[in-house]
Every structure is written in C-alpha cells, then in structure tokens.
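Colleague: First, the structure itself, so that you have it in front of you.
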Amino acid sequence: MTSRALFPTLVYRESLVDRRWRRFNQDLADECQSLAASDAAGQRWSAKHYLGGYTSYGSLDRLHLVSSLFDRLRRRIDPHVKSFARDLHYDLSGRTLEMTDCWANLMPAGTVHSMHIHPTSFVSGTYYVSVPKGSGAIKFEDPRLGYQMAAPPRRADAPEAYRAFVSVAAHDGDLVLFESWLRHEVPPANFSGERISISFNYACLPKSGR
C-alpha cells in the first residue's frame, strides 16, 4: 500500500527584477509613499483597520485604472497570473483573467495584517516593492486546519507541505500569487525602515462579458 498526495495548495513566487527594474521599482516606491502622505480617506480607513501603517484598500483600490505606473505593473503581472492558472489546471477556454483590484500597503515595524481571504476573486497576490531585513513574511494557513479536530500536532521536522502554517519570505521585486480562498496574514515584526507592497486581485470572467 502506498500513499499519494491529493488536493495540492499552490503558491507561486517569481522575481520581476531585470535590467530596467531598479528605476521602475523606485518610481513605484515614490508613488506609494506619495499616496500615503496625501490620501486622507485612506489614512482614516487605515487608522481603524491597519493600525500603525497605511493601505489604500479602503480608498483607492483600483490603482491600475488611475495610474499609468501601476498599469505598467499590471501588464508585467498578467503573464504570471496566466502561468499560475495553467499550473492549477483550470479550464479557461472562453474566459479571461483580469485584474479587478490593486492597492498599496506601507507597513512600518509593529504593523500587523491579520488572517483574511479575498472574497469574490480567483487569484490574489502581492508585488514587493521594498522588504527591509527582518520585516514580516506573508504567512499562509493550511485550508484544512479547521477540519482536523482530533489530529495530533505535526512533528517539528515535518516537511513544509505538511505544516499548519508556512511563511514565504520575499525580496524587493518578488511577486507572490495564491488562490484567493487561501487564508493568509502578515505578522508584526521589528525592523528598520518601511515594508512597501502592492496587493491585487484577479477575476476569471467570460470573454463575452467584458
């Protein structure tokens, strides 16, 4: 009798760094910081829901539609989302993948983004503009965790795929994608500087519905 793995949970990670990346990434950092300084509605929303940091999620959540720079980022992300969808073996005939939401996040030390999912989306992800040393990594939760009522704890040396929580550390220029139903968080951390990221959602839409 042999065991086999079923129902995999995939997380996609790729670097977008190339010879033109440094200037592009600095422009993104500057625009994110400008938003944090000028977006009064976002500041108010963040004060209630994103303590210590800033996110445009509650105010400017479709930045790819209003900023040419964020739209350039969207064009760079699009082929990776398509590749990830192929890895997931979804039948996309007659459908198209489209970015629906895009927002900026600035997290100084101590800021936390608690466990959540991205409802009504297909694929979600984050592009990492600036990741200071020691800043928090995105942490994913085993989607079966709530059903393992009588299971004993995993051994400390269990392989990554068998752990209840897995953290994925990222570097400047990294792209991380995951299915939108996968719960995740960014725990607080002590570090110098500011962690800057851009999060987004994609929908899978009928081509005739565009």
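Colleague: Does residue 100 satisfy being over 13 Å from the mean Cα position of the chain (by Cα), among the β-branched types (Val, Ile, Thr) and assigned to a strand (DSSP E or B)?
Modeller: Yes: the conditions hold for residue 100.
Colleague: Continuing with this model, one more query. Would you mind finding the one in 131, 112 that is under 14 Å from the mean Cα position of the chain (by Cα), surrounded by 15 or more Cβ atoms within 10 Å (Cβ to Cβ) and within 19 Å of residue 170 (Cα to Cα)?
Modeller: Within the list 131, 112, the selection yields 131.
Colleague: Within region 41-60, which residues are of a type outside the set (D, E, K, R) and in a helix (DSSP H, G or I)?
Modeller: Once the filter is applied, which keeps residues that are of a type outside the set (D, E, K, R) and in a helix (DSSP H, G or I), region 41-60 yields 41, 42, 43, 45, 46, 47, 49.
Colleague: I would also like to ask the following. Collect the residues in region 61-97 that are outside any helix (DSSP H, G or I) and under 24 Å from residue 136 (Cα atoms), keeping them in residue-number order.
Modeller: 61
Colleague: Also, I was wondering about something else. Scan region 39-65 for residues that are of a type in the set (A, V, I, L, M) and in contact (Cβ under 8 Å) with a residue 40 or more places away in the chain and report the count.
Modeller: Qualifying residue count for the region: 3.
Colleague: Can I ask one more? Would you check which residues across region 142-174 are more than 25 Å from residue 61 (Cα to Cα) and outside any loop (DSSP other than H, G, I, E, B) and list them?
Modeller: Result: 145, 146, 147, 160, 161, 162, 165, 166, 167.
Colleague: Mind listing whichever residues of region 189-210 are crowded, with 16+ Cβ neighbours inside 10 Å and either of a type outside the set (A, V, I, L, M) or under 16 Å from residue 101 (Cα atoms) (or both)?
Modeller: The answer is 191, 194, 195, 197, 198, 199, 200, 201, 202, 203.
Colleague: Further, regarding this structure: If I ask for residues that are under 23 Å from residue 83 (Cα atoms) and part of a loop (DSSP other than H, G, I, E, B), which ones from region 117-141 would you list?
Modeller: 117, 118, 119, 120, 121, 122
Colleague: Of all residues being assigned to a loop (DSSP other than H, G, I, E, B) and of a type in the set (A, V, I, L, M) in region 1-37, which is nearest to residue 144 (Cα to Cα)? Just the residue, please.
Modeller: 6
Colleague: Residue under question is residue 54, and the condition is that it be closer than 16 Å to residue 131 by Cα, surrounded by 13 or more Cβ atoms within 10 Å (Cβ to Cβ) and not acidic (Asp, Glu); does it hold?
Modeller: Yes; evaluated as a whole, the condition is true for this residue.
We did not get these values from a lab; they are worked out from the coordinates using the rules stated. It should be emphasised that the depicted structure is a prediction, and the values quoted were computed from it without experimental measurement. So basically every Cβ, Gly included, is an ideal-geometry build from the backbone, and we count neighbours across all protein chains shown.
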